[in-house]
Amino acid sequence: MSYACLIVTAIVVIILLKLVNKIRNLFKIPAVPYLEETWWGPRDKSEEDDSIKPFTINISDEVIEDLQHRLKKARPFIPPLEGIQQQYGLNTNLLNKIVEFWRTEYNWKERETFLNKFPQFVVSVQGLRLHYIHVKPENPEGRKVLPLLLLHGWPGSVREFYDIIPMLTTPRPGCNFVFEVIAPSLPGYGFSEAAVRPGLGAIQAALLFKNLMIKLGFPKFYIQGGDWGAIIIHHMGTLFPEQILGLHSNMCSVNSLKSNIKLFFYSFWPTLLVSPEHVHKIYPRLAKLANLVLETGYMHLQATKPDTVGVALNDSPVGLAAYIIEKFITWTNPAWKELEDGGLTKKYTYTALLDNVMIYWITNSITTSMRLYAETMSAANRTLQVDSIPVTVPTAAARFTYDLTYSPTVLLKEKFQNIVHASDYDAGHFAAFEEPKILSDDIFTAVEKMELFHKNQHSS
Amino acid sequence: MGALQKLFIIFAVLAIFVGYRLNNLLQPSPPPKLEEKWWGRGDPAGEDKSIRTFKVHVADEVLKDLKYRLSHARPFTPPLEGIQQQYGMNTNLLKEIVDFWTTKYNWREREKLFNQYPQYLTSIQGLDIHYIHVKPKATNLKVVPLLMLHGWPGSVREFFDVIPLLTTPQTDKNFVFEVIVAAIPGYGFSQPAVRPGLSPAHAAMIFKNLMKRLGFDRFYIQGGDFGAIILQNLAVLYPEVVLGFHSNMCTVHTPLSYLKTMVGAVWPTLFTKAEHVERVYPLWESFVHRLRETGYLHLQATKPDTLGVALNDSPVGLAAYILEKFTTGTNISHQSREDGGLKQYYDYADLLDNVMLYWITGSMPTAVRLYSETFNKNFMSLGTGRMPVQVPSACARFRNDFYTSDGLLKEIFPNLLHLSDHEGGHFAAFQVPDVFSRDVFVAIEKFENFNSNLGAKT
């Protein structure tokens, strides 16, 4: 071989070696980061009252009168374009119906009594007064009582759990355990205080809720969540495996480079990845990604300019209702986009939907709720790469067909390495709200397997 | 078959595929022919084609209602510690603006300002189109017609300081402008379409027809933001009516231009002037910057009707949403200023004039629909954005606006007679009317020379 050939070969080999290292780095698992116990609240540490205080929702008449006035004086809506239902966003003919109901039939005083039916408390964690519902089983009847932290997402609230909480805290025949439920409002949502300094993303929220549970006297506990709730509990599983007995998620997903490469290759033979009835939930890739683009405008805006859009949403109740309720259409069933009435009454009542909107309205929390997007997607949080760190605690994935994404168990295992239970149901994103019985049944089944897992761990 | 032969075949197939695609990349398609659609209600047969004079006059009730909403605005969420505009409009700044709006801003006086120029309405394809029409005073100079279009979240208001400059003879130019400043359908006093499909291409047709109604068979065009997009479509679809195109937002979105931009990452000065390289590269930074600033675009292109409700029901919300663009759109570095850099370049009264135009007409919901009509398969498959503009063109680049490199411009603007760089931001006519108007004069002079050499009759 000539010298030129040798040199070229040497250069190519060096480049390849460098690339191999770079590629290996892409797939390296990062270390669990150290998280600062940041003080998030407005008050001084020294003056913070640590005690747990009972809480009742008690909104002044002025707030309700002001709301009524705004509903009455809402500026006329622009009618939808000819032949359009929900394709350009919330149909204003539908919105007119909802607002009319809100104005004339929705009775806040009654709803307030309803929302106060569960014992609620406020306690300060890392400087933030966190609101939570705490329901113990009334009569465990000799069953083991397991603490369960339930986390909601956006644009939801603790309201989503009002039907499922009694199901979780009532003993079941043939089941030797029952749950004690702690359902907080996320920081900056509803009755939970919002951070006054930047940095409170999903990872930091995970720490906040671990600290909450420890403060409430639960060194070990189960966790359940969807939407942001899911993301936060996944981080809790990663960061605090010692505290987490098991994790039940109705929005398990994995979005790593490896999984995306696999998805591409499996597109040539999808039934190697999932059984035929699930193929349409994943493929064709391009169509699924196009649909994601169609449905993530709000996320893009909230991750970058939450304070801008928050002003209008916090000042106009009809605007807030439109913005929030649109999600209950498209994320419960995308087929509802073709319906002028949005299909809402097939699964929900206007009353229940408005309860949720009211929680945002009466607490002025829409802006701070949206900031969670900006905080989580910040460069600072993304460099922690917590998403790439596996979860080894017992995990259950409840997948709902009409949710935004679908991840088959085979791919989930890359991140969730101890899946004890995975199931598929035909319902949407707001699982607890839409199908509380299905979700609570799944939680019981999953935790039964997790309890068995722990029992076997102890005996071995 | 041996492995080597298999590899060869794979390479050959790839090469042919790439070559075929490149060929498609390099060959422009002919402009499509658009159907003239009826966008309004009522019977096309009964359309009133007259030109009606128009004056802005807002009813007292509207002003009373606005005052009530402003003074009863719900308390703003304070900005996070140490944050200026990085999470969006800083509510301390917003408070200052709303205080001004409530205590010092006098609409009746501003209304007089609006009505200083002759305004008209005329129905084109079922929609009343609002426009300002200013002719120069009696002059011996040649008078050339110029159609000017605003964008989002702007309005005809952006051109108020430019109009007198363009309609006043310059000492060194032998022509002067007759200016038609129109409002895009669905914006301000121009009626919105009642059926879907009014894309920039169809808007271009409406404006061609508007100018025809006013008696202009050929005219010059000037635009920025959506104005530039619509007028670029006009130049591509109806070159026979366009004497020349001046844009302060020349953008190129051909596949070849993306390829060039990526190749430029390895060799920046191949397509970009050395002193402008930092505006494009590193590519990752440009991409992240664009991602950070296009949330509104993504939402408006997909769910405009959802967003529109709140913006049309809360004046403080509308002001926050619009004025945020005047902070970062004027200069991205204003993101780290609690005052958003607004007072440095604008008067609050002028900024609020623009906001008022959206409020009193209730046009924000229909204005944002333009994004949905633009970013969809129907319009994008027309491909007008990828077709070259054959008419004489001018690109005025303002430093803090979107930037397109010299080497890319030629793909869309093969007849680029004027390329200039100025200090200023996205809202050039509004921010630097003198520099802006001067550039328009210089460009059109070049167009005039080109056209007269061609023997073109205006």
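The values are calculated or read from the model by the stated rules, or taken from the named source; none is laboratory data. Because the structure is predicted, anything quoted here is derived from the model rather than measured. Every residue, glycine as well, gets a Cβ built from its backbone with ideal geometry; the counts of neighbours run over all protein chains shown. Calculation scope for accessible area: heavy atoms of the full protein, side chains included, ligands and nucleic acids excluded. Shrake-Rupley method; radii C 1.70, N 1.55, O 1.52, S 1.80 Å.
Would you tell me the mean number of C-beta atoms belonging to other protein chains that fall within 10 Å of each C-beta in B:82-91, as a whole number?
5
Rg and Dmax of the range B:322-361, Cα atoms, in Å?
10.6, 33
Taking every pair of alpha-carbon atoms in the range B:87-190, give the share separated by more than 24 Å as a whole percent.
41
Name the residues of the range B:289-307, by number, that are at least 50 Å² less accessible with every protein chain in place than in the isolated chain; the surface is that of heavy atoms, probe 1.4 Å, without ligands or nucleic acids.
By number: B:His298, B:Leu299, B:Thr302, B:Lys303, B:Asp305, B:Thr306.
Quantify how strongly other chains surround peptide A:191-204 by giving the mean number of their Cβ atoms within 10 Å of each of its Cβ atoms.
The shielding value for this peptide is 2.
Show log10 I(q)/I(0) for the range A:1-142 at q = 0.11, 0.15, 0.21 Å⁻¹, two decimals, from a solvent-free Debye sum over equal Cα scatterers.
The computed values of log10 I(q)/I(0) come out as -0.85, -1.03, -1.24.
Arrange the peptides B:282-292, A:110-120 so that the one whose residues have, on average, the most other Cβ atoms within 10 Å appears first. Mind showing how you got there, number by number?
Working: B:282-292: 12.3, A:110-120: 15.5.
Ranking the peptides B:282-292, A:110-120 by packing returns A:110-120, B:282-292.
Principal axis lengths of the range B:134-193 from Cα atoms, whole Å, largest first?
41, 18, 14
What whole number of Å gives the distance from the Cα centroid of the range A:407-460 to the Cα centroid of the range A:279-322?
Computed from Cα coordinates, the inter-centre distance equals 28 Å.
Rounded to whole Hz and in sequence order, give me ³J(HN,Hα) for the range B:34-48 from the Karplus expression 6.51 cos²θ - 1.76 cosθ + 1.60, θ = phi - 60°, writing x for Gly and Pro.
9, 7, 6, 9, 9, 9, x, 8, x, 8, x, 4, x, 5, 7
List, in order, the whole-Hz ³J(HN,Hα) value for each residue of the range B:236-253 obtained from phi through the Karplus relation with A = 6.51, B = -1.76, C = 1.60 and θ = phi - 60°; use x for Gly and Pro.
7, 7, 10, x, 5, 9, 9, 6, x, 10, 10, 10, 9, 8, 6, 10, 10, 10
Report, as a whole number in µm² per second, the diffusion coefficient that Stokes-Einstein gives for the range B:145-291 at 25 °C and 0.890 mPa s using the Kirkwood radius over alpha carbon pairs.
141
Percent of alpha carbon pairs in the range A:125-189 separated by more than 16 Å?
Counting every Cα pair in the range A:125-189, those more than 16 Å apart make up 48 percent.
Sticking with the crude label model, points 7 Å out along Cα→Cβ, report the distance from A:Asn260 to B:Trp38 in nm, one decimal please.
4.9
Percent of accessible area on the range A:1-96 owned by carbon and sulfur, 1.4 Å probe? Show your work: numbers first, answer last.
Numbers: 4270 of 6880 Å².
The value for the range A:1-96 is 62 percent carbon and sulfur by accessible area.
If the chain between A:Lys28 and A:Ala335 were fully stretched, how many nm would it gain, using 0.36 nm times the residue separation less the Cα-Cα distance? Spell out each step's value before the answer.
Details: separation 307, 0.36 × 307 = 110.52 nm, distance 4.01 nm.
Going from the current span to full extension adds 106.5 nm.
Can you compute the modelled spin-label distance between A:Ser275 and B:Thr269, with each label point 7 Å from Cα toward Cβ, in nm?
In this crude label model, A:Ser275 to B:Thr269 measures out at 6.5 nm.
Give me, ordered by chain and number, the residues 5 or more places off A:Leu149 or on other chains with an amide H under 5 Å from its own placed amide H.
Residues meeting the criterion, in which the H sits 1.01 Å from N, are A:Ile182, A:Tyr222, A:Ile223, A:Gln224.
Using mean Cβ contacts within 10 Å as the protection proxy, how do B:82-88, A:79-85 order, highest first?
Answer by packing, highest mean first, reads B:82-88, A:79-85.
Do any residues of the range A:269-310 show a loss of at least 20 square angstrom of accessible area between the isolated chain and the full protein assembly, using a 1.4 Å probe, and if so which?
A:Val293, A:Leu294, A:Gly297, A:His300, A:Leu301, A:Thr304, A:Lys305, A:Asp307, A:Thr308, A:Val309
Bin width 5 Å, alpha-carbon pairs only: give the P(r) of the range B:335-454 as whole percents, running from 0 to the bin holding the largest distance.
Over the range B:335-454, the share of Cα pairs per 5 Å bin runs 2, 8, 12, 14, 17, 17, 15, 10, 3, 1, 0 percent.
Averaging the inverse of every distinct alpha carbon separation and then flipping it gives the Kirkwood radius. What is it for the protein assembly as shown, in angstrom units? Write out the running numbers ahead of the final one.
On the way: mean 1/r = 0.0329 Å⁻¹.
Kirkwood radius, the protein assembly as shown: 30.4 Å.
Let me know the mean shielding of B:190-197 by other chains, meaning the per-residue number of their Cβ atoms within 10 Å of its Cβ.
The per-residue average across the peptide is 3.
Using a probe of 1.4 angstrom, how much of the accessible area of the range B:319-458 is carbon and sulfur, in percent?
Working: 2460 of 4840 Å².
The computed percentage sits at 51.
If packing is taken as the average count of other Cβ atoms within 10 Å, what order do A:265-274, A:443-452 fall into, highest mean first?
A:443-452, A:265-274
From the phi of every residue in the range A:217-233, what ³J(HN,Hα) in whole Hz does the Karplus formula 6.51 cos²θ - 1.76 cosθ + 1.60 yield, where θ is phi - 60° and glycine or proline is x?
Using θ = phi - 60°, the values come out as x, 10, x, 9, 6, 8, 9, 9, x, x, 6, 4, x, 5, 4, 5, 5 Hz.
Report, to two decimal places, the Cα Rg of chain B normalised by 2.2 N^0.38 Å (N = number of residues).
1.03
How much space per residue, in cubic angstrom, does the convex hull of the C-alpha atoms of the range B:39-131 take up? Intermediate results must be reported in sequence, preceding the final value.
Values: hull volume 16.3 nm³, N = 93.
Taking only Cα atoms, the range B:39-131 has a hull volume of 175 Å³ per residue.
At q = 0.11, 0.18 Å⁻¹, what is the base-10 log of I(q)/I(0) for the range A:86-230 according to the Debye formula with one equal point scatterer per Cα and no solvent? Please give it to two decimals.
-0.52, -1.08
Please compute how much accessible surface disappears when B pairs with A, both sides summed, using a 1.4 Å probe, and round it to the nearest 100 Å².
Result for this pair: about 4800 Å² buried.
Just the accessible area per residue of the protein assembly as shown, please: how many Å² with a 1.4 Å probe?
42
Based on the inverse mean of 1/r over its pairs of different Cα atoms, what is the Kirkwood hydrodynamic radius of the range A:252-367, in Å?
16.9
Tally up the carbon and sulfur contribution to the accessible surface of the range A:140-253 as a whole percent, 1.4 Å probe, everything protein left in place.
55
Between B:Ser336 and B:Leu256, what length comes free when the chain is fully extended (0.36 nm per residue of separation minus the Cα-Cα distance, one decimal in nm)? Intermediate values should be presented prior to the final figure.
Values: separation 80, 0.36 × 80 = 28.80 nm, distance 3.57 nm.
Gain on extension, B:Ser336 to B:Leu256, equals 25.2 nm.
Could you give the alpha-carbon Rg of chain A over 2.2 N^0.38 Å, rounded to two decimals?
On the way: Rg = 23.8 Å, N = 460, 2.2 N^0.38 = 22.6 Å.
Computed over Cα atoms of chain A, the ratio equals 1.05.
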